[in-house]
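Each remark here refers to the structure printed beneath this line.
The values are calculated or read from the model by the stated rules, or taken from the named source; none is laboratory data. Bear in mind that the values here come from a model prediction, so they are computed numbers and not experimental data. Positions of Cβ are generated from backbone atoms using ideal geometry, with glycine treated the same way; all protein chains shown enter the neighbour counts. In case anyone asks, the SASA skips ligands and DNA or RNA and just uses the protein heavy atoms, side chains included. Shrake-Rupley method; radii C 1.70, N 1.55, O 1.52, S 1.80 Å.
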Amino acid sequence: MSLRLILGRAGSGKTTRCLEEIRRALLKDPQGTPLYYIIPEQATFQADYALATLPGIKGTMRAQALSFSRLAYRVAQEVGGARGLFIDDTGKAMVLRRVMEACRPQLKVYAFKGGHRGALESLVDLYNELRRSRVDPARLESLFTPASPSSPLPREQKNAHLHLKDKVSDLALIYGEMSQALAGEYLDAEDYLDLLIHNAPASRELKQAEIWVDGFSTFNNQERAVLSALLEHSRGVTVTLCLDEDPPGTGFPAELDPFYPTSLVCRRLKQAAAALKVPCRVETLPAGPPRRFWQNPTLGHLEKELHRQPPRPWLQEDIKGRKSLRLTAAPHRRAEVEGMAREMIRLAREEGARWRDMAVLAGGLEDYRDILSTVLHDFDIPFFLDQKRTLLHHPLVEFLRSALEAVQRNWPWDAVFRCAKTDLLLPPAAAGKEREAWRERVNRLENYVLAFGISGSRWRQEEPWDFRERDDLEEEERQSPGFSGEEEKHLQEINVTRNTLRAPLILFQERLRQAATVREKAEALYRLLEDVQAARHLETWREEALSRGDVEKVREHGQGYKLVLDLLDQLVEIMGEDDISNPLFIRVLEAGLEGLRLSLVPPALDQVLVGTPDRTQADLTRYLFILGASDGSFPARPRENALFTDEERETLNDLGVDLTPQGEKQLREEEFLVYRTLTLPSRQLWVSYPLADPEGRGLLPSL
């Protein structure tokens with residue numbers, strides 16, 4: 001039981017130190033006690049790769065790269081106690097949707113929040129934040145009791161106080177109902193960490209384990225409690241922190257100093273060790289030029305002087321004429337990305353750089369995603385977009401949503417044809433010209449339906465449609481009572497296409513009408529997927545993507561069907577025997593579908609990594625390209641949560657609820673993020689910004 005803190009500036013070798021210590025332990029005893037390398041969730045792939053490629057190590061079961069939640073799962077496998085079913089944020093969104101419908105008469109502020117897209121996601125995020133801060137419903141309920149109506153506050157402050165009180169009251173009610181609905185039967189990521197704290201004393205593996213915690217800049221209350229449990233019940237814990245020196249017992253750096261968050265973490269960890277009476281040792285890596293920049297003094301100078309006031313200018317030349325730091329302005333975003341792509345080609349041709357040595361980070365990735373995809377494809381540069389993608393517009397999800405809308409809203413033409421255009425009503429083996437022919441038939445049917453205003457019961461009637469197309473009333477008078485051969489052929493095609501399209505939907509409508517419970521309604525959806533052979537369709541699309549070499553589409557189609565089935569399983573497990581109306585069932589299901597996210601790993605090793613500074617782990621990057629370095633993008637402007645303002649969070653913080661004001665927290669974290677991002681590359685840093693956005697407004701550089 002001991003705590004060791006390894007402190008060092010960016011690039012000083014903290015991760016290298018951890019991996020080297022693990023390598024030495026493996027060489028000394030390949031089958032010894034467990035070695036756990038704990039890293040953030042999004043960095044597990046890179047950490048696994050780093051462990052697998054340690055020099056002299058051909059393979060190991062002793063050392064493992066884990067996130068906190070994965071470590072909790074491993075300990076639960078050993079000790080037990082994880083008897084509940086796992087529920088993710090998608091499942092919680094569905095429970096929250098039902099809870100808010102049930103509690104709506106009692107809610108004062110959030111009565112209609114659950115019906116807006118994005119509001120449920122914000123509520124789930126706030127629920128998770130409270131869980132991580134270890135705030136329970138009872139604590140929320142006690143914040144404003146007893147009430148103090150005679151408080152001598154100014155009128156405006158009193159109104160704000162009452163509004164916050166109503167918000168907290170609503171939240172306590174929602175949170176309490178959520179906790180009651182999930183208690184004892186379901187586990188989420190936050191429950192696993194609590195379970196780890198509870199199971200740590202009984203774990204034999206944990207008692208023998210050596211633990212390295214790397215890559216974190218802050219820890220929430222729950223993670224700090226986990227670290228305390230690991231300190232108390234393991235052989236030793238090493239934590240690395242990006243910090244230039246051991247902070248003194250009193251005093252902190254300035255709040256906008258990049259090392260402020262990590263200095264706060266350092267002090268709290270030392271206090272936790274002192275409270276547990278665990279020995280604590282602090283090692284500060286040498287203060288000389290960081291290891292990352294030994295061969296690049298220009299970037300080393302940037303790291304050292306970035307936040308110095310005033311900074312000292314760099315007067316030396318780059319080694320061998322290399323342009324280690326480039327600041328670039330472009331007329332607009334596309335020109336910016338094209339200039340970056342040309343530089344990538346130059347690096348590959350003239351300097352022998354590999355694609356995997358390069359990374360692209362953009363603060364406003366949504367503004368650049370489509371441009372990046374187009375330009376990098378045009379330049380034949382392989383890349384991986386490190387971003388969780390919504391499944392909302394996948395054909396399978398669109399098919400379910402439009403099918404439900406069609407049968408619930410009495411067959412409106414737009415819902416019916418959105419359903420048809422997913423291609424899931426075709427035979428699964430249809431491909432190429434057959435699929436194109438089907439789409440043309442659907443288009444002709446859509447024109448026919450629009451021409452005659454067909455909707456509602458006309459879709460369900462058994463008699464074939466025989467409406468006659470005409471240009472005007474005079475033409476109608478001139479037409480003969482019978483149909484020509486061409487008209488007969490056209491009507492036959494219209495009715496065949498219509499029957500192919502409506503048959504599975506009519507069956508689904510009847511099953512949904514007879515279903516009373518959530519289980520029965522979910523079963524009706526599943527049987528619809530079986531009727532149209534959705535699994536075979538996705539497998540066909542997957543094989544087509546594989547033949548094109550589109551690995552991301554391969555994984556997207558592979559994950560899509562499983563995610564939808566997992567969603568239906570969670571829905572049945574959580575509220576399977578509840579009797580609810582079809583409209584409420586659809587709203588609950590919509591909440592779940594909106595939360596589905598695809599999580600992809602890089603499909604190849606030699607490709608450019610594209611992501612955002614706050615998510616993407618690009619620690620092994622040699623050439624870094626930062627796009628959109630303009631005010632409000634990099635660093636990003638503080639984003640205020642719609643549920644609590646910064647002033648309200650500050651008030652709650654004063655009342656003992658650890659909800660740091662978002663603006664203040666983000667300003668601190670952005671300063672550290674800017675420092676960390678600009679010091680990632682070891683060879684070249686490219687920073688660019690557009691002079692105008694697509695609407696022609698001028699943008700100011702941030703640097």
- request: Could you run the Debye sum over the Cα atoms of the range 382-454, one equal point scatterer each and no solvent, and tell me log10 of I(q)/I(0) at q = 0.24 Å⁻¹, two decimals?
  value: -1.09
- request: Give me the number: length gained by fully extending ALA111 to ARG354, i.e. 0.36 nm times residue separation minus the C-alpha to C-alpha distance, one decimal in nm.
  value: 82.1 nm
- request: Enumerate the lysines that LYS489 could reach by cross-link, defined here as Cα to Cα under 30 Å, with residues fewer than 8 away along the same chain left out.
  value: LYS421, LYS433
query: Pairs LYS108/LYS521; LYS388/LYS553; LYS28/LYS277; LYS521/LYS553: which are spaced more than 21 Å apart, C-alpha to C-alpha?
result: LYS108/LYS521; LYS28/LYS277; LYS521/LYS553
statement: Ranked output for segments 129-136, 268-275 by mean other Cβ atoms within 10 Å, highest leading, reads 129-136, 268-275
field: Cα shape, the range 519-602, gyration tensor, a/c 1.5 rule
entry: prolate
message: Using only Cα atoms and rounding to the nearest 10 degrees, what angle (0 to 90) does helix 260-276 make with the longest principal axis of the chain?
response: 70
- line: Given a Förster distance of 22 Å, the FRET efficiency implied by the Cβ-Cβ spacing of HIS332 and ASP614, rounded to the nearest 0.05, works out to 0.35
query: the range 1-116: percent of C-alpha pairs farther apart than 18 Å?
result: 68
- prompt: What does a probe at GLU366 reach in the range 379-423, counting residues whose amide N is under 17 Å from the point 7 Å along Cα→Cβ?
  reply: 386-393
- prompt: Of all the Cα-Cα pairs you can form in the range 252-411, what percent are over 20 Å apart?
  reply: 73
statement: Placing each pseudo-label 7 Å from Cα in the direction of the beta carbon, ARG444 and GLU185 end up separated by a distance in nanometres of 5.2
- request: Give, in whole angstrom and from largest to smallest, the semi-axes √(5λ) of the equivalent ellipsoid of the range 351-405, with λ running over the eigenvalues of the Cα gyration tensor.
  value: 32, 12, 10
field: Three-way shape call for the range 541-657 based on the alpha-carbon gyration tensor, with the a/c threshold at 1.5
entry: oblate
message: Suppose every Lys and Arg Cβ carries +1 and every Asp and Glu Cβ carries -1, with no other charges. What dipole size does the chain come out with about its Cα centre, to the nearest 20 debye?
response: 2700
query: Got a sec? Charge dipole of the chain, +1 on Cβ for Lys and Arg, -1 for Asp and Glu; which of ASN221, LEU51, PRO137 is way out at the positive end?
result: LEU51
field: Relative compactness, the range 330-428, computed as alpha-carbon Rg over 2.2 N^0.38 Å
entry: 1.61
message: Tell me the carbon and sulfur percent of the accessible area for the chain, rounded to whole percent, probe radius 1.4 Å.
response: 50
message: Using a 7 Å offset from Cα along Cα-Cβ at GLU283, what residues in the range 16-40 end up with backbone N under 13 Å from the label point?
response: 16-25
field: Relative compactness, the chain, computed as alpha-carbon Rg over 2.2 N^0.38 Å
entry: 1.12
